[in-house]
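The values are calculated or read from the model by the stated rules, or taken from the named source; none is laboratory data. Fair warning: this is a prediction, and the values are worked out from it, not measured in the lab. Cβ sites come from the backbone with ideal geometry, for glycine too, and all protein chains shown count toward neighbours. These accessible areas exclude ligands, DNA and RNA; they are computed on the full protein's heavy atoms, side chains included. Shrake-Rupley method; radii C 1.70, N 1.55, O 1.52, S 1.80 Å.
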Amino acid sequence: MKYLLETVIWLLLLLKSTDQSDLNIAIIGGGIGGTSCAYFLKEIFKDLVNLDIYEGNKVGGRLATVIMSDGNEYETGGSVIHQRNKYMSDFVSYLGLQKRKSVFKNERLGLHNGKDFDFIENDNYYINLMNILWRYGYSIKRLQEFINSMLDKFERIYELQTKGLSYDSTYDLLTAMDPSFVNYLNISVRDAYLKEEHFSESLITELVQASLRVNYGQNTNVHEFVGSVSMAGMDGSLWSVKGGNKRVVEKLLEKSKAHLVPEYVVQITKNNDSYTLLTNFKKKATYDYVVFAAPLAENQKVPITFSNMPLALNKVGKYHQTVSTLVVGEMKRTQFSSISDDLLPITIISNNENEFFNSISNVEGVNETGSLNVWKIFSQHPLSNNQIDHLFENVSDVKVVDWLAYPHYKVPTESQSFHIADRLYHINAIEWAASAMEMSCIGAKNVALLIKKHFYSNELNETTKWSHMEL
């Protein structure tokens, strides 16, 4: 009898839906989070949903490129993807794109302390292995095992999301991966690795610090989860998308059939069961659901005001400034005297927080082309002409991208909500656990599943009432 009643209700729901108006959803932000959410929503609701993506800047968000004087295009933002990132890998295959393995002209890594190199990788595998073991001991092997174990636990989210499970908060989502992950948010990676995992001091102050300097522009005071995600990106199993990582975003926008609105949202007004959006061009539109695929931070680029909300929406922390400078020129060997001619080019990461740069990499164009003399420098602040001249000579081109790249991480980190108000969702809540392209995709899939759960729950309730009236 129970199953017969359920069947009748779902049949009534189906009949009712044939006479139902379209579902209208607005997504604020046209980066990887916004476009992947649009793709997942289209996958769930098919032709029932109308999607508008609001993006006042270029589609791609923080996945951006610039064209240098050599005529080639180079990544300025998110550059590398881990081989175990399922969603990004699946997107590349499904969208007909290609992976490129080489991201840097030379992946030989040098860790600089401000005066000298603490460590430089060797091209010979066995010599390099001996050098690593000599400097960092068995801790390096245990760290690798720790990161692999964490990734095994992390990958459980793919199975859970395939089953349609969704989570209201970052704590809930991380707990679903593994209950220990919530604890990672409440201890610094330095304290966790030193006091709990008993890794060597030099491993933490050199390798772990280096990963955080280049990936997040921060130090080992960040929480353990983001610190471990950062270390996962140092194992060499990395790739990028041929033509630029932004190609994934562009293709997802196309596949989702979302309508791109090239404007910024500046105000959101809550109605009974909908929201009205106002843009910087004074245009208005009303939606059943609204998804934030952009930071809701104290220093967000485009402030948004909320009207008629039952509760005030608190902005969470600040995003960290990172400056990406691309230079066409020759590195001055005299600034790094211990690098011989045969060791150039090289990727240099400075572990000295008083140094004016975080990292210097000799980069390749997104189409696997480009000259040998294109360099990407990450820094906390825009570089002066004197600082550029300090590092390079024969400079023919300089391009600068100054962006709020990722959260400024602190300990402890509170749980953040994906469902911030009725019919209002926030993908970027996941960035306070860790900011990465794959994390944005996971957050986007979670929000799409939350909307599905809310929509069909409401529809079932409405249909049940309707069926009672009819019967």
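Structure summary
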item	result
Candidates Ser21, Ser69, Ser89, Ser93 - the one that is out of contact with any Ser or Thr (no Cβ under 9 Å at 6 or more places or on another chain), modelled with pLDDT of 90 or more and open to solvent by 30 Å² or more (accessible area, probe 1.4 Å)	Ser93
Scan of the stretch 417-446 for residues that are in a loop (DSSP other than H, G, I, E, B) and open to solvent by 30 Å² or more (accessible area, probe 1.4 Å), ordered by number	Asp422, Arg423, Ala436
Criterion: of a type in the set (A, V, I, L, M, F, W, C), over 18 Å from Gln416 (Cα atoms) and over 22 Å from the mean Cα position of the chain (by Cα) - qualifying residue of Leu194, Leu160, Leu212	Leu194
Options Glu250, Glu201: the member that is within 22 Å of the chain's Cα centre (by Cα), among the acidic types (Asp, Glu) and at pLDDT 95 or above	Glu250
Of all residues making up the stretch 130-151, the number that are open to solvent by 30 Å² or more (accessible area, probe 1.4 Å) and β-branched (Val, Ile, Thr)	2
Residue list for the stretch 32-82, restricted to those being of a type in the set (Gly, Ala, Ser) and not in a helix (DSSP H, G or I)	Gly56, Gly60, Gly61, Ala64, Ser69, Gly71, Gly77, Gly78, Ser79
Top-ranked residue in the stretch 83-103 [being among the polar types (S, T, N, Q) and in a loop (DSSP other than H, G, I, E, B); ranked as nearest to Glu364 (Cα to Cα)]	Ser102
Scan of the stretch 252-286 for residues that are touching a residue at least 40 places away in the same chain (Cβ under 8 Å), open to solvent by 40 Å² or more (accessible area, probe 1.4 Å) and touching a Leu at 6+ places or on another chain (Cβ under 9 Å), ordered by number	Lys255, Lys257, His259, Leu260, Gln267, Thr286
Any hit, the stretch 238-245, residues being over 30 Å from Ala26 (Cα atoms), under 18 Å from the mean Cα position of the chain (by Cα), in a loop (DSSP other than H, G, I, E, B) and not β-branched (Val, Ile, Thr)	no
Boolean, Ser230 is out of contact with any Asp or Glu (no Cβ under 9 Å at 6 or more places or on another chain) and closer than 24 Å to Phe418 by Cα	yes
Scan of the stretch 372-395 for residues that are open to solvent by 40 Å² or more (accessible area, probe 1.4 Å), farther than 23 Å from Ile204 by Cβ and either in contact (Cβ under 8 Å) with a residue 60 or more places away in the chain or in a helix (DSSP H, G or I) (or both), ordered by number	Leu372, His381, Asn385, Asn386, Gln387, Asp389, His390, Glu393, Asn394, Val395
Which listed residue, of Ser230, Ser240, is crowded, with 20+ Cβ neighbours inside 10 Å, under 24 Å from Tyr409 (Cα atoms) and hydroxyl-bearing (Ser, Thr, Tyr)	Ser230
Answer residue from the stretch 183-207, given it is in contact (Cβ under 8 Å) with a residue 24 or more places away in the chain and of a type in the set (Val, Ile, Thr) and is nearest to Leu450 (Cα to Cα) among those	Ile187
Qualifying residue in the stretch 216-226 (condition: without any contact (Cβ under 8 Å) to a residue 40 or more places away in the chain, surrounded by 21 or more Cβ atoms within 10 Å (Cβ to Cβ), over 28 Å from Glu368 (Cβ atoms) and under 15 Å from the mean Cα position of the chain (by Cα))	no
Which numbered condition Lys452 misses (of (1) at pLDDT 95 or above; (2) open to solvent by less than 10 Å² (accessible area, probe 1.4 Å))	(2)
Residue under evaluation Lys101, criteria (1) free of Cβ contacts under 8 Å to residues at least 40 places away in the same chain; (2) open to solvent by 70 Å² or more (accessible area, probe 1.4 Å), criterion not met	(1)
Search result, residues across the stretch 357-371 that are more than 18 Å from Asn215 (Cβ to Cβ) and either surrounded by fewer than 18 Cβ atoms within 10 Å (Cβ to Cβ) or of a type in the set (A, V, I, L, M, F, W, C) (or both)	Val366, Asn367, Glu368, Thr369, Ser371
